[in-house]
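Trainee: Here's a structure for you.
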Amino acid sequence: MADPILEIEHISKRYGEVTAVDNLSFNVPRGSVFGLLGPNGAGKSTTIRMIMRIIMADEGRILLDGVPVDDDRRRLIGYLPEERGLYKKMKVLEHLVFLGTIRGLKPGEAKKRSLAWLENFDLGEWATHKVEDLSKGMQQKVQFIGTILHRPQLLILDEPFSGLDPINSRALKDLLMAMSKEGVTIVLSTHVLPQVDELCTNICLINRARAILNGRLADIRTDYGGNVWRVAGALDENALSTLPAVTAVRPLGAEMLVELEPDAEPRHLLQALAAQGGLESFTRFVPGLENIFIRAVEEDRAHA
Ligand code: ATP
């Protein structure tokens, strides 16, 4: 793969009898928005904690820009942990300056950037309040500011949307897209699949401690889509299923999904439908990430 910013090579972590991560490898391409996905207990947080050296891998290597991550280099990563951890008694601005300085900023610069971000996140008037006075979602925003204050080129965000209302979720998503356009690489671990569908260019799906899908989301969608076509119009389901090469027909809202034999030419179906009259649209079926996630995990469970 061209120019990965992060390389995960054969990492494993065991807790007694439990193998939390099992010989896991994947690369995060530079500039990608990378979804690290999987059901509860799959091993996502354990993987992220190993990248951040909160826990040590039993085996394997983790490289950032081609060099093993050590205690200094991990500070180059902007990390938002799953369990939020701000000091409740500290004042918001004071806290952000503290976070900025431990990541290498001068106090004056940390203050300037913090104030700008607080304004940007509609938290300007809370700068001198104690963290404990803020709502959960507001604290979440403060912690996110702390994560990006030192302008890291790689962000690792564990469930960044949890606790945010739809407006703040949208604002965070827009900000992540803007950062991505500027070249920041973003690794997202989240169960909110519509966000991943919108944001991510690449994914790694973990199940039972191993990667079961890994690559460009567009390629994975094509693989999972199959020879399936979305048709709309005044069409009869029974008539559709008798057309040559059609193996299944099922409704999708007001439209119909028509599955063809794997090697069948879709233009023959299109011609047949056009000849019948009443066809309004004919497009390739692109499966949503939720559909892919559930199918991949169920197939993997069936092989367990
Ligand atoms: P979720 O989506 O629920 O957050 P996850 O994919 O992040 O799940 P992990 O937290 O990485 O999953 O857990 C993977 C497995 O490792 C689980 O079976 C979990 O019980 C186990 N595990 C994680 N941390 C520990 C620990 N400190 N001690 C023992 N077992 C652990």
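Trainee: What residues have an amide H closer than 5 Å to that of I156, excluding those fewer than 5 places away on the same chain, when H is modeled at 1.01 Å from N in the peptide plane?
Mentor: So I156 has HN proximity to G78, Y79, L80, V187.
Trainee: Considering only protein heavy atoms and a 1.4 Å probe, what is the carbon-and-sulfur percentage of the accessible area of segment 1-105?
Mentor: Carbon and sulfur: 50 percent of the exposed surface of segment 1-105.
Trainee: Can I ask one more? When DSSP beta bridges are limited to those with both residues in segment 4-221, what percentage is antiparallel, rounded to the nearest 5?
Mentor: Counting DSSP beta bridges with both partners in segment 4-221, the antiparallel share is about 60 percent.
Trainee: With θ taken as phi - 60° and the coefficients 6.51, -1.76 and 1.60, list the Karplus ³J(HN,Hα) couplings across segment 12-25 in order, rounded to whole Hz; mark glycine and proline as x.
Mentor: Per-residue couplings from phi come out as 9, 8, 10, 10, x, 7, 8, 9, 6, 9, 10, 6, 8, 9 Hz.
Trainee: Past 28 Å, Cα to Cα, is the threshold; run K141/K181; K13/K181; K88/K173; K112/K141 against it and keep the listed order.
Mentor: K13/K181
Trainee: Which shape class applies to segment 107-180: rounded if a/c is under 1.5, otherwise prolate when a/b exceeds b/c and oblate if not, where a ≥ b ≥ c are the square roots of the Cα gyration tensor eigenvalues?
Mentor: Since a/c reaches 1.5 but b/c is at least a/b, the shape of segment 107-180 is classed as oblate.
Trainee: Hey, can you grab everything whose amide H is under 5 Å from the amide H of I55? Only 5+ residues off in sequence or another chain; H modelled, so Pro and N-termini drop out.
Mentor: For I55, the qualifying residues are M50.
Trainee: Roughly how much of K89 is accessible, in Å² to the nearest 10, using a 1.4 Å probe?
Mentor: Number for this one is 140 Å².
Trainee: Over the C-alpha atoms of the chain, what are the Rg and the largest Cα-to-Cα span, Dmax, in Å?
Mentor: Gyration radius and largest Cα-Cα distance of the chain: 23.3, 73 Å.
Trainee: Moving to a separate point now. Taking the Cα centroid of segment 119-139 and of segment 12-39, what is the distance between the two, rounded to the nearest whole Å?
Mentor: Cα centroid to Cα centroid, the span is 33 Å.
Trainee: Let me ask you something else. Apply the Karplus parameterisation 6.51 cos²θ - 1.76 cosθ + 1.60, with θ equal to phi minus 60°, to every residue of segment 214-227 and state each ³J(HN,Hα) to the nearest whole Hz, in sequence, with x for glycine and proline.
Mentor: 7, x, 6, 4, 4, 5, 5, 4, 5, 4, 7, x, x, 8
Trainee: Which residue, chosen from G66, G100, L240, occupies the Cα position most advanced towards the positive end of the dipole of the chain, where the dipole is computed from +1 (Lys, Arg) and -1 (Asp, Glu) charges on Cβ about the Cα centre?
Mentor: So the residue furthest toward the plus end is G100.
Trainee: Of all the Cα-Cα pairs you can form in segment 207-251, what percent are over 15 Å apart?
Mentor: Tail fraction, whole percent: 60.
Trainee: Give me the percent of the accessible area of segment 121-182 that comes from carbon and sulfur atoms, probe 1.4 Å, all protein chains in place.
Mentor: 51
Trainee: Right, here's the next one. Can you compute the charge dipole magnitude of the chain about its Cα centre, using +1 on each Lys and Arg Cβ and -1 on each Asp and Glu Cβ, nothing else charged? Give it in debye, rounded to the nearest 20.
Mentor: Dipole magnitude for the chain comes out near 1340 debye.
Trainee: What accessible area per residue comes out for the chain, rounded to a whole number of Å², with a 1.4 Å probe?
Mentor: 50
Trainee: Counting pairs of Cα atoms in segment 51-188, how many percent are more than 21 Å apart?
Mentor: 42
Trainee: Tell me the accessible surface of D3 in square angstrom (1.4 angstrom probe, heavy atoms of protein chains only), to the nearest ten.
Mentor: Counting only protein heavy atoms, D3 exposes about 90 Å² to solvent.
Trainee: I need the P(r) histogram for segment 210-281: all alpha carbon pairs, bin width 5 Å from 0 out to the longest distance, whole percents.
Mentor: Percent of Cα pairs in each bin: 3, 15, 25, 22, 13, 9, 6, 4, 2, 0.
Trainee: Determine ³J(HN,Hα), in whole Hz, for all residues of segment 249-254 in sequence, where each value follows from phi through the Karplus function 6.51 cos²θ - 1.76 cosθ + 1.60 and θ = phi - 60°; x replaces Gly and Pro.
Mentor: Rounded to whole hertz, the list is 9, 9, x, 9, x, 7.
Trainee: Something else: Top to bottom by accessible area (1.4 Å), largest first, where do M138, M50, M56 land?
Mentor: Descending accessible area places them as M56, M138, M50.
Trainee: Can you list the residues, at least 5 places off or on another chain, whose amide H is less than 5 Å from the amide H of R284, using H built in the peptide plane?
Mentor: Those lying under 5 Å, H to H, from R284 are R230.
The values are calculated or read from the model by the stated rules, or taken from the named source; none is laboratory data. What you see is a predicted model; the values in this text were computed from it and never measured. Here the Cβ is made from the backbone with ideal geometry for all residues, glycine too, and neighbour counts use every protein chain on show. Keep in mind that these areas ignore ligands, DNA and RNA; they rest on the heavy atoms of the full protein, side chains included. Shrake-Rupley method; radii C 1.70, N 1.55, O 1.52, S 1.80 Å.
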